[in-house]
1. So, of the residues in the stretch A:156-173 that are open to solvent by 20 Å² or more (accessible area, probe 1.4 Å) and outside any helix (DSSP H, G or I), which turns out to be farthest from DNA strand B (Cβ to nearest atom)?
2. With the stretch A:278-317 as the region, which helices (runs of 4 or more DSSP H) entirely inside it contain at least 3 residues that are open to solvent by less than 40 Å² (accessible area, probe 1.4 Å)?
3. Scanning the stretch A:449-480 for residues that are touching a Phe, Trp or Tyr at 6+ places or on another chain (Cβ under 8 Å) and open to solvent by less than 40 Å² (accessible area, probe 1.4 Å), which turns out nearest to A:Leu398 (Cα to Cα)?
4. Filter the stretch A:174-213 down to residues that are of a type outside the set (A, V, I, L, M), in a helix (DSSP H, G or I) and more than 14 Å from DNA strand B (Cβ to nearest atom), then give me how many there are.
5. If a residue has to be open to solvent by 50 Å² or more (accessible area, probe 1.4 Å) and under 19 Å from A:Met336 (Cα atoms) to count, how many in the stretch A:377-395 make the cut?
6. Among the numbered conditions (1) open to solvent by 30 Å² or more (accessible area, probe 1.4 Å); (2) closer than 30 Å to A:Leu154 by Cβ; (3) more than 13 Å from DNA strand B (Cβ to nearest atom), tell me where A:Leu256 comes up short.
7. Would you mention how many residues in the stretch A:244-253 are in contact (Cβ under 8 Å) with a residue 12 or more places away in the chain and either of a type in the set (Ser, Thr, Tyr) or open to solvent by 60 Å² or more (accessible area, probe 1.4 Å) (or both)?
8. Just wondering, is there one or more residues in the stretch A:121-138 that are over 25 Å from A:Gln198 (Cβ atoms) and buried (at least 17 other Cβ atoms within 10 Å of the Cβ)?
Amino acid sequence: MLKSTKHLFHSKIKFSLWFLRSFTSLFSPPQFEADLSLSHQHKRNYKKYFLFSFLNENPTNPRVPKQVHSHLVTTASFSHSIRLFNALLRCYSVSENPKDAIFLYQQVQSFYFYFKFDSFTYAFLIKACASLSNLDLGKQFHGVEIKMGFESNLYVQTVLVNMYAESGGLVECKKVFDEMPERNHVTWNVMITGLAKQGEIEFARFLFEKMPDRNVVSWSGMIDGYTRMNQHREALGLFRRMVADDGVDPSEITILAILPAVWNIGDVKMCQLIHGYGLKRGFHVSDIRVMNSLIDTYAKCGCIVSASRFFEEITTDTKNLVSWTSLISGFAMHGMGKEAVESFARMEQEGWKPNRVTFVSVLNACSHGCLVEEGLKFFEKMVSEYRISPDIKHYGCLIDMLGRAGRLEEAEKIALEIPCEISNEVVWRILLGACSFYGNVEMGERVTSKIMEIEKRYGGDYVLMSNILAGAGRFADAESLRTLMVGRNAIKVAGSSLT
DNA sequence: ATAGGGTTAG
């Protein structure tokens, strides 16, 4: 008995040493070896501190929390520090697998029953539930947290509001917010951004106007809410009010929230203004997300030259895959197939591996630039070389490309081969457009019946099909289709131009 | 130690 315990103890020491070695070799903190000569208490504190900063300084490396976790398990030193345990929990809650936070809690709860959890523990656990969008689990921790006496803890209640907002429990969200004895600006912001994200923009605005000290987060949240709801003028108005009247400096996030409103309205001047502001404030050198969004906005405002010039100004080590994809999608929407294909080649030369979005963009470019053979090659390359299984948008581009080139039979064949789990009415709608362009009545009728199996309320389909029929001289059929459209209450919004 | 994020067929 004694021997085996001893053996276990030795193996633990061995493991610890291996562990410390792996830490030192990974990060080689200065004087770590020397500190081993300190007193036992000192060593333990140093180790604790080291593990703590190890966790906090490597938030993106998924191996770090696993290493610390296994160290704590094998050395049975969970009980030594609630802080270390909480830091580990925090790491897991923002990691790729927030469920690990729940597992850690369950493990500690069942093996270390004397362990006393504090308010931070519950805050991070509820945060993990928010990342998982798991409303049921969140409700359970809400119950536990109340039972442990944190019902009026500002931090715990704030993450609780956030969790309910993110996982769609708006009723509970409002209830918790209303019943909080004290709130700070974070609480208000969590509530406002949460409501704005869920589409409750009116109520978010009400709270926004009522809130005592608005900051850049509150403004950005509201602006983002309006752009999500397609209320772009309202978003721009709020942005102007924020900068001009309240004198609040926009952050990177504000810029990212306002740019979709800019390109939806198509305001090039506004885009240049924000670009200039970014230059002045240094966003363009510091935040690749803002730069990528600017490429996209210039392209969507019709200035592909500015978009590509701006792209070329970004240094090679700052550019990423999204920059390349934004450029290619810009070329695609301007019908510049050749430039898109060249950019794709340059991107591969610089060592970037295209993802599914990059392929949607380049296939779209081939379709708009009438590069059918290239497009088919890209599709083949995506499947066999990059092992990306095509999704419905890739098929959409492919069908659009073949349809525009008049290769309707091939397009229809592919549309029929799409697995039914991912198929939708949009691919058939694309094909219907091609049938209309080439005046193919028979296929048009087949395709229309396919669409009607899925969606009967989209007016554009009736209009397109009745145009095909009228083009073939079948005016009576065209007329009855129009009547059917009115009878089914299908709506066709009239087109309009921005200029 | 609590809040906000970029590219996607018609």
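The values are calculated or read from the model by the stated rules, or taken from the named source; none is laboratory data. Here the structure is a predicted model, which is why all the values come from computation and not from measurement. Neighbour counts are summed over all protein chains in view; Cβ atoms, including those assigned to glycine, are modelled from backbone coordinates with ideal geometry. Protein only, heavy atoms only, side chains kept; ligands, DNA and RNA dropped before computing areas. Shrake-Rupley method; radii C 1.70, N 1.55, O 1.52, S 1.80 Å.
1. Looking at residues that are open to solvent by 20 Å² or more (accessible area, probe 1.4 Å) and outside any helix (DSSP H, G or I), I get A:Gly168.
2. Fully inside the stretch A:278-317 and qualifying: A:288-300, A:304-313.
3. Taking the candidates together, the pick is A:Ile451.
4. Number satisfying all stated conditions: 10.
5. So the answer is 1.
6. Answer for A:Leu256: the failing condition is (3).
7. So the count comes out to 4.
8. Yes, the stretch A:121-138 contains at least one residue that is over 25 Å from A:Gln198 (Cβ atoms) and buried (at least 17 other Cβ atoms within 10 Å of the Cβ).
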